[in-house]
Amino acid sequence: MNAKYPGISTVINGNGAVAQVMGHVCGGVIGYPITPSTEISEVFENFRAAGGCNVWGRHPFFYEPEGEHSAQSGALGAALTGGKYISNASSSQGILYGMESHYVTVGKKVGGFVLQVAARVVSRHSLNVMAGHDDVYALLPSGYTILFGADPQEAADFAAIAYRIASTSLIPVANAMDGFATSHMLCEARMPEPELLQEYLGDPTDRIPCPTVAQAMLFGAKGRVDQLRRWLARQRNALTAAQAEAIRHILDQDGEAIEEDRAGERIEATLVHLPPALHAAWRRQWINADEKGTRQRVPALVDIDNPGMTGGVQNQPDFQAGIADHRAHFAAEVPRFVDQAMREYAQLTGREYAPVVTHHCDDAETVMVGLGSVTDDVEAVVAHLRAQGRKVGVVAVKLLQPFPEAEIVRALAGKRAVTVLERSDVTALTGLVMQALFKGAENAGGIRHAGIPAIDRLPKVTTAVFGLGAHDLQPRHLVAAFDNMDTEASASFVYLGTRFFAKTTNSRLAALQDRLRAAYPQTEAMQLATGPNPCLLPPGALRIRFHSVGGYGTIATGKLLTDILSGLLGLYSKAAPKYGSEKSGAPTNYYITLSPEPVKITNAEIEDVEIVISPDHRVFAHTNPLRGLVDGGTFILQSNLSPLDTWLRLPERARRTIREKKIRFHVIDAFGVARAHAPTPELQTRMMGIAF
């Protein structure tokens, strides 16, 4: 397909992709930093502060208030003024802190507002800043339309689609992606062109026909004739009764033609009935009247020059009526707007999306359903298992709310077993899938739920919790979940990658495990036995792992190296950092995969690598950097000592591993290189990584 706007090729992470779209589109952003979404607002503000303008030539604003609640309240206020696409970016506790304002944002029916979410677990027994869907699930009852992308490409495209849906439906949209697994994951993407966004979204100050009856009733212009009538009523003291009656007669007789007279060709026939002093004002009213049934693309619900209160108190009969109106006349229209926005985006870009995307599901007997980046991992595993003759598939949910029940039932009809992948122990996705399936089953006895296909039997459904706080998810864990669906007594609830009980020769530990087994027998079924890890990369792939500490500039080095190597070698890439909440001084990792084919595995730590790089000369004090380094691999270590002295200071087990596996060992004094070339002493530590 020769698309009009094929996209601009680049290597970018999810946060950068979303921020780039925001820079082209937004009239303003109000945000407060919280990991892992902080970078979205930072990148946008860097663009804006450097003089950047959106595609309509307007310089946007950015404001950082005192907290996440104020950020969402401020973004709501900005959206209420209309004529601008507005965003906030947040995660986890930041979303919970602003939850009161999120409910109000949806309830006000503001157009053109998109909440950018880098999804993160909500801290509970301990702090964690990594991926989880707790915050996105928390938004469900507020009423947001929620899109969920799997990679930076979808994060960027869904950002554009989100602004379109928000401006047509007048219901705010949350554009979600997995924290770190997508927000910080570098890979190839085709970024939307500024010209595409200008054409696809349209100027937020333009007028458009109201797309629904309810919108026309609430926000639609009453037209030229109505405006002229109201103006006449206000001028009653300046007109005689005969003059006013003559003009009203013309408006009654020729109303349809006057409504269409944007050029003012019929004005002259009315001027004879008006005093000369009112001719100019009458002409302005005629020419400038908004077309009947239209509204501003992003409506203004507050006039900043004449501010008033919105959403006053409603008592017993009224509040419920407002909720019912919102569901019946606004939320019910969202699926149509989503389908239209995705279809028109595909026509312009060639990149096709749908509320539910299936892979190898037509003949599949067992299927996994998931949100976000994990569906890419499952795709890779599905391809591996299909090569063995197994009939497996994956369903990727792109529209979480309103949930596409008909599409889900259609995708799962006739399947023997289904596993729903949950990145939260709230398991909201499982509930939505089960509700859809029950409606399909109920329709088998007669159509009760319109639009949902009838199914004659329900599949066995398993909930599989994975990746909480970026818990490692290896391909073998997904293979085990598919194996579970093939067993007669399959487990209904499991944790992927978690081992409640382990084989041990320690008698004390064995006794403790026996006590736990006896007290909590259900936990035995919550863990799945795994086999060897399948290799899902093609020949010619290259894997690199960095070991460092926070503050050494290693993350920036990894990003630069990914961009350089993928370009020079002409390979696909996928790269991401791994670090904890401790930040500076704590151990950090950076993983890079380069491949002649697109890399699907996203949520697995790289266990086997060809190259290990350690800017941390004390790396053996806190980890084993040689773990998983293949025979004949390469190990590069920072040191200001001679190669011999560096070798002698390695742990004896490390020297033995290097000899046995014939690892190529290199030493570089990167700090020395940085001291020689850094422009300031403050940059020496961070520039050290460039030497690698």
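If we scan segment 25-42, do we find a residue that is aromatic (Phe, Trp, Tyr), crowded, with 23+ Cβ neighbours inside 10 Å and either more than 21 Å from Tyr200 (Cβ to Cβ) or not assigned by TED's automatic domain parsing to the domain that holds Ile208 (or both)?
yes
Working only within segment 274-309, note down all residues that are in a loop (DSSP other than H, G, I, E, B), within 34 Å of the chain's Cα centre (by Cα) and surrounded by 13 or more Cβ atoms within 10 Å (Cβ to Cβ).
Of everything in segment 274-309, those that are in a loop (DSSP other than H, G, I, E, B), within 34 Å of the chain's Cα centre (by Cα) and surrounded by 13 or more Cβ atoms within 10 Å (Cβ to Cβ) turn out to be Gly293, Arg297, Val298, Pro299, Ala300, Leu301, Val302.
Inspect all residues belonging to segment 406-415 and state whether any of them is under 23 Å from the mean Cα position of the chain (by Cα) and either farther than 29 Å from Asp135 by Cβ or among the β-branched types (Val, Ile, Thr) (or both).
Yes, some residue in segment 406-415 is under 23 Å from the mean Cα position of the chain (by Cα) and either farther than 29 Å from Asp135 by Cβ or among the β-branched types (Val, Ile, Thr) (or both).
Looking only at segment 573-582, decide whether some residue is surrounded by 13 or more Cβ atoms within 10 Å (Cβ to Cβ) and part of a helix (DSSP H, G or I).
No - not one qualifying residue is present in segment 573-582.
Any residue that is part of a loop (DSSP other than H, G, I, E, B), within 22 Å of Val136 (Cβ to Cβ) and free of Cβ contacts under 8 Å to residues at least 60 places away in the same chain - is there at least one of those in segment 430-450? Let's see the steps before the verdict.
Kept after step one, since they are part of a loop (DSSP other than H, G, I, E, B), are these residues of segment 430-450: 444-450.
If we keep only those that are within 22 Å of Val136 (Cβ to Cβ) too, we end up with none.
Scanning segment 430-450 turns up no residue that is part of a loop (DSSP other than H, G, I, E, B), within 22 Å of Val136 (Cβ to Cβ) and free of Cβ contacts under 8 Å to residues at least 60 places away in the same chain.
So which residues in segment 1-44 are over 17 Å from the mean Cα position of the chain (by Cα), of a type in the set (S, T, N, Q) and under 17 Å from Met185 (Cα atoms), if there are any at all?
Ser9, Thr10
Kindly evaluate Pro577 against the criterion of being out of contact with any strand residue (DSSP E or B) (no Cβ under 9 Å at 6 or more places or on another chain) and either among the polar types (S, T, N, Q) or not assigned by TED's automatic domain parsing to the domain that holds Val494 (or both).
It is false that Pro577 is out of contact with any strand residue (DSSP E or B) (no Cβ under 9 Å at 6 or more places or on another chain) and either among the polar types (S, T, N, Q) or not assigned by TED's automatic domain parsing to the domain that holds Val494 (or both).
Just need a number here: residues in segment 635-651 that are closer than 14 Å to Phe671 by Cβ and of a type in the set (Lys, Arg).
Adding up the residues that qualify gives 0.
Are there any helices (runs of 4 or more DSSP H) wholly within segment 607-682 with 1 or more residues that are in contact with a Phe, Trp or Tyr (Cβ under 9 Å, 6 or more places away or on another chain) and of a type outside the set (Gly, Ala, Ser), and if so which? Even if it seems obvious, please write down each step before you answer.
Numbers: elements: 643-649, 652-660, 670-677.
Counting at least 1 such residues, we get 643-649, 652-660.
Quick check on Val418: is it of a type in the set (A, V, I, L, M), over 17 Å from Gly372 (Cα atoms) and buried (at least 18 other Cβ atoms within 10 Å of the Cβ)?
Details: of a type in the set (A, V, I, L, M): yes; over 17 Å from Gly372 (Cα atoms): yes; buried (at least 18 other Cβ atoms within 10 Å of the Cβ): yes.
It is true that Val418 is of a type in the set (A, V, I, L, M), over 17 Å from Gly372 (Cα atoms) and buried (at least 18 other Cβ atoms within 10 Å of the Cβ).
Is it true that Pro355 is under 19 Å from the mean Cα position of the chain (by Cα) and either at pLDDT 95 or above or not charged (D, E, K, R) (or both)?
For Pro355, the condition - under 19 Å from the mean Cα position of the chain (by Cα) and either at pLDDT 95 or above or not charged (D, E, K, R) (or both) - is met.
Would you be able to tell me the number of residues in segment 385-416 that are in contact (Cβ under 8 Å) with a residue 24 or more places away in the chain and assigned to a loop (DSSP other than H, G, I, E, B)?
Result for segment 385-416: 10.
Residues that are buried (at least 24 other Cβ atoms within 10 Å of the Cβ), aromatic (Phe, Trp, Tyr) and either in contact with a Pro (Cβ under 9 Å, 6 or more places away or on another chain) or farther than 16 Å from Ile30 by Cβ (or both): does segment 97-109 have at least one?
no
Quick test for you: out of Ser92, Ser169, pick the one residue that is closer than 30 Å to Gln347 by Cα and crowded, with 24+ Cβ neighbours inside 10 Å.
Of Ser92, Ser169, the one residue that is closer than 30 Å to Gln347 by Cα and crowded, with 24+ Cβ neighbours inside 10 Å is Ser169.
Taking the options Ser595, Ser584, name whichever one is among the polar types (S, T, N, Q), touching a Gly at 6+ places or on another chain (Cβ under 9 Å) and at pLDDT 95 or above.
The unique qualifying residue is Ser595.
Look through Thr419, Thr463, Thr375 and report the one residue that is in a helix (DSSP H, G or I), over 20 Å from Arg336 (Cα atoms) and of a type in the set (Ser, Thr, Tyr).
Working: Thr419 fails: in a helix (DSSP H, G or I); Thr463 fails: in a helix (DSSP H, G or I).
After ruling out the rest, the residue left standing is Thr375.
Which residue is farthest from Asn288 (Cα to Cα), if the candidates are limited to segment 179-230 and must be of a type in the set (Phe, Trp, Tyr) and not in a loop (DSSP other than H, G, I, E, B)?
Tyr200
Here is a yes/no grid of residues against (1) assigned by TED's automatic domain parsing to the domain that holds Gly143; (2) crowded, with 18+ Cβ neighbours inside 10 Å; (3) under 21 Å from the mean Cα position of the chain (by Cα); (4) in contact (Cβ under 8 Å) with a residue 24 or more places away in the chain:
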| residue | (1), (2), (3), (4) |
| --- | --- |
| Gln316 | no, no, no, no |
| Gln320 | no, no, no, no |
| Pro335 | no, yes, yes, yes |
| Met342 | no, yes, yes, yes |
| Arg351 | no, yes, yes, yes |
| His360 | no, no, no, yes |
| Glu365 | no, no, no, yes |
| Met368 | no, yes, yes, yes |
| Val374 | no, yes, yes, yes |
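For segment 51-99, which residues satisfy the criterion of being part of a strand (DSSP E or B) and among the β-branched types (Val, Ile, Thr)? Full working, then the answer.
Just the residues of segment 51-99 that are part of a strand (DSSP E or B), to begin with: 61-63, 86-90.
Residue satisfying the conditions is Ile86 alone.
Mind listing whichever residues of segment 475-521 are touching a residue at least 40 places away in the same chain (Cβ under 8 Å) and surrounded by fewer than 16 Cβ atoms within 10 Å (Cβ to Cβ)?
Asp486 - this is the single residue of segment 475-521 that is touching a residue at least 40 places away in the same chain (Cβ under 8 Å) and surrounded by fewer than 16 Cβ atoms within 10 Å (Cβ to Cβ).
The values are calculated or read from the model by the stated rules, or taken from the named source; none is laboratory data. None of these values were measured; they are calculated from a predicted model. Note that each Cβ is placed from the backbone with ideal geometry, even for glycine, and that neighbours are counted across all protein chains shown.
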